[in-house]
Amino acid sequence: MKLALYPDPVLVRPAAPIAEITETVREKAKAMVPFMELEGGIGLAAPQVSWGVRLLLASEEGTPEETRVLINPEIVWKGGGTEWGEEGCLSFPGIFGDVLRANQIRLKALDLDGAAQEIEAEGLFARVLQHEVDHLDGQLFFNKMRPADKLSNKGRIEDLIQRFEARQQESKE
């Protein structure tokens, strides 16, 4: 499993819904849990590991034991006002900035057994879920940052683009 780094095109394509929860889906999802922990994340969307499906992992407490796998998640309600908060992203190493998010959300999804889940979240967990659902919609947190944060990260973004282009060139040779 390998982390997709910006500007990999898989990160900006909307992910495909999962029509059937197969053993392959279960195995890949379960393999993402230790990968997320190894990378130091508390959330991970399938496109971030170059898998273009609507599946995400999120950990409310930051531990692998309670990491939730959510299939075809959909945010059905946002409330509690909005708040700016600092976010980072495994696909944007070393880049952080303030993003405006709802303080509370309600999300519907399926678990790995196909059972319907409804999650009410607030605070950091709500922020993580919104960030990961954005990934599934092909939306990047960098585009939602305050303009000053975008500007302060411009050099790091350009560096990611140059490294990606160099990797692409190497794979052609």
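Taken together, the values in this text are just the output of simple stated rules run on the coordinates, not laboratory data. Just so we're clear, the structure is a prediction, and the values are computed from it rather than from any experiment. All Cβ positions, even for glycine, are placed from backbone atoms using ideal geometry, and neighbour counts span all protein chains on display.
Taking 126, 31, 115 as the candidate residues, the one with maximal mean-square fluctuation in a Gaussian network model of the chain, Cα springs under 10 Å, is 115. Over all Cα atoms in the stretch 9-172, the spread is summed up by Rg and Dmax: 15.9, 50 Å.
Near residue 80: Cβ cut-off under 15 Å, other residues only, Lys/Arg at +1 and Asp/Glu at -1. The net charge is +1. Highest mobility in the GNM of the chain, judged by mean-square fluctuation with C-alpha springs under 10 Å and restricted to 90, 44, 151, is found for 151.
When each of 132, 118 is scored by the number of other beta-carbon atoms lying within 10 Å, the sequence from fewest to most is 118, 132.
Result for the chain in a Gaussian network model with C-alpha springs under 10 Å: among 61, 74, 122, the largest mean-square fluctuation is at 61.
Rg and Dmax of the stretch 33-114, based on Cα coordinates, read 13.4, 36 Å. Taking the fewest neighbouring Cβ atoms within 10 Å as the starting point, the ordered list for 24, 67 is 24, 67. Residues 111, 149 in ascending order of nearby Cβ atoms (within 10 Å, fewest first): 111, 149.
Beta bridges per DSSP, both residues in the chain: antiparallel share near 95 percent.
On full extension, the segment bounded by residue 152 and residue 2 gains 51.3 nm, given 0.36 nm per residue less the C-alpha separation.
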